[in-house]
Amino acid sequence: MKKKLCIIVPYRDRKEHLDKFLPAMEKHLDGQKLDWSIVIVEQTFDKPFNRAKLLNVGYAYTKGKCDYYCMHDVDMLPVKGKADYSYCPQPTHLASMASQFGYKLPYEGYFGGVTMFDKESFEKINGYANEYWGWGAEDDDVLRRCATMKVSPARKKCVFESLEHGRNIIEDEYKKNLDKLGKNGEFDGKVFTEGLTNLEWTLLNKDTIHKNTTLIKVNI
């Protein structure tokens, strides 16, 4: 039986990107003859953006409906014939060659941008940490979770075109994220009390906005 893929997109205030992303993804995924759906998880404006928590919300919202998940930034467009979204039985990084990084990894352990998870592995690592507010470090954290739980990650050679956008980094929040990453790197077990098992969120609205695509607005 064909496995069902869910693309989860953390989102806020990027309509120009979303308008390009959705038709590009539909064409690409249909071209691969995959059984797919997309969930756009939109965060309200009352707090700094939290990519990791939105990804957890997307997983929780679709739990039981899909076999594997792709955590996908809205500014990454797959290049025809050069981005494979087929099932892998382990966490698998896809955005290994993105235009914004000169089609190479920005650093050896980069695990962000576009990353697939089978549901068993995502549950085992308790998803992403919920408390990385603002930009940075949540992908490094999830890779450490994989290492701690002896879940072997993989990487596919996939090519993506990156849409241009500004990056508003709140320095205080970024420093907090780096400090948190350092503490979580101690692997004392406490890190795994944070994630899917203590996720709190409120669904505010949901709409079908494109083929096989739902946008949910949430308060986190």
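Would you confirm whether or not region 47-58 contains a residue that is outside any strand (DSSP E or B) and over 24 Å from Asp140 (Cα atoms)? No: region 47-58 contains no residue that is outside any strand (DSSP E or B) and over 24 Å from Asp140 (Cα atoms).
For the residues Tyr85, Tyr69, the requirement of being modelled with pLDDT of 95 or more, crowded, with 21+ Cβ neighbours inside 10 Å, in a strand (DSSP E or B) and of a type outside the set (S, T, N, Q) singles out Tyr69. Among residues of region 46-63 that are closer than 19 Å to Leu181 by Cβ, those with a Cβ under 7 angstrom from a residue that is assigned to a helix (DSSP H, G or I), sequence gap 6+ or separate chain, pair up as Pro48/Glu173; Arg51/Glu138; Ala52/Glu138; Asn56/Leu196. Scanning region 208-220 for residues that are at pLDDT 95 or above and surrounded by 11 or more Cβ atoms within 10 Å (Cβ to Cβ) returns Ile209, Asn212, Thr213, Thr214, Leu215, Ile216, Lys217, Val218, Asn219, Ile220.
Of all residue pairs spaced 6 or more apart or on separate chains, none has beta-carbon atoms under 9 Å together with a first member in region 167-190 that is within 24 Å of Asp75 (Cβ to Cβ) and in a helix (DSSP H, G or I) and a second member that is at pLDDT 70 or above and β-branched (Val, Ile, Thr).
Listed conditions (1) within 22 Å of Leu22 (Cα to Cα); (2) out of contact with any helix residue (DSSP H, G or I) (no Cβ under 7 Å at 6 or more places or on another chain) are all met by Asp118, apart from (1).
Here's a check for you: in region 106-127, which residue that is in a loop (DSSP other than H, G, I, E, B) and either among the polar types (S, T, N, Q) or within 13 Å of Pro153 (Cβ to Cβ) (or both) is farthest from the chain's Cα centre (by Cα)? Checked region 106-127; the qualifying residue farthest from the chain's Cα centre (by Cα) is Glu108. If you go through region 27-61 and keep only what is among the charged types (D, E, K, R) and closer than 23 Å to Arg12 by Cβ, you end up with Glu42, Asp46, Lys47, Arg51, Lys53. Taking Asp75, is it in contact (Cβ under 8 Å) with a residue 12 or more places away in the chain and either surrounded by fewer than 22 Cβ atoms within 10 Å (Cβ to Cβ) or closer than 19 Å to Arg145 by Cβ (or both)? Yes: the conditions hold for Asp75.
So that you can scan it fast, the table gives a plain yes or no per residue for (1) farther than 19 Å from Asn126 by Cα; (2) within 12 Å of the chain's Cα centre (by Cα); (3) hydrophobic (A, V, I, L, M, F, W, C):
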{"position": "Leu5", "(1), (2), (3)": "yes, no, yes"}
{"position": "Tyr11", "(1), (2), (3)": "yes, yes, no"}
{"position": "Arg14", "(1), (2), (3)": "yes, no, no"}
{"position": "Ser37", "(1), (2), (3)": "yes, no, no"}
{"position": "Ala52", "(1), (2), (3)": "no, yes, yes"}
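Evaluated against (1) within 14 Å of Val9 (Cα to Cα); (2) among the β-branched types (Val, Ile, Thr); (3) in contact with an Asp or Glu (Cβ under 8 Å, 6 or more places away or on another chain), Val74 falls short on exactly one condition, (3).
The values are calculated or read from the model by the stated rules, or taken from the named source; none is laboratory data. Because the structure is predicted, anything quoted here is derived from the model rather than measured. In this analysis, Cβ positions are derived from the backbone assuming ideal geometry, glycine residues included, and neighbour counts consider all displayed protein chains.
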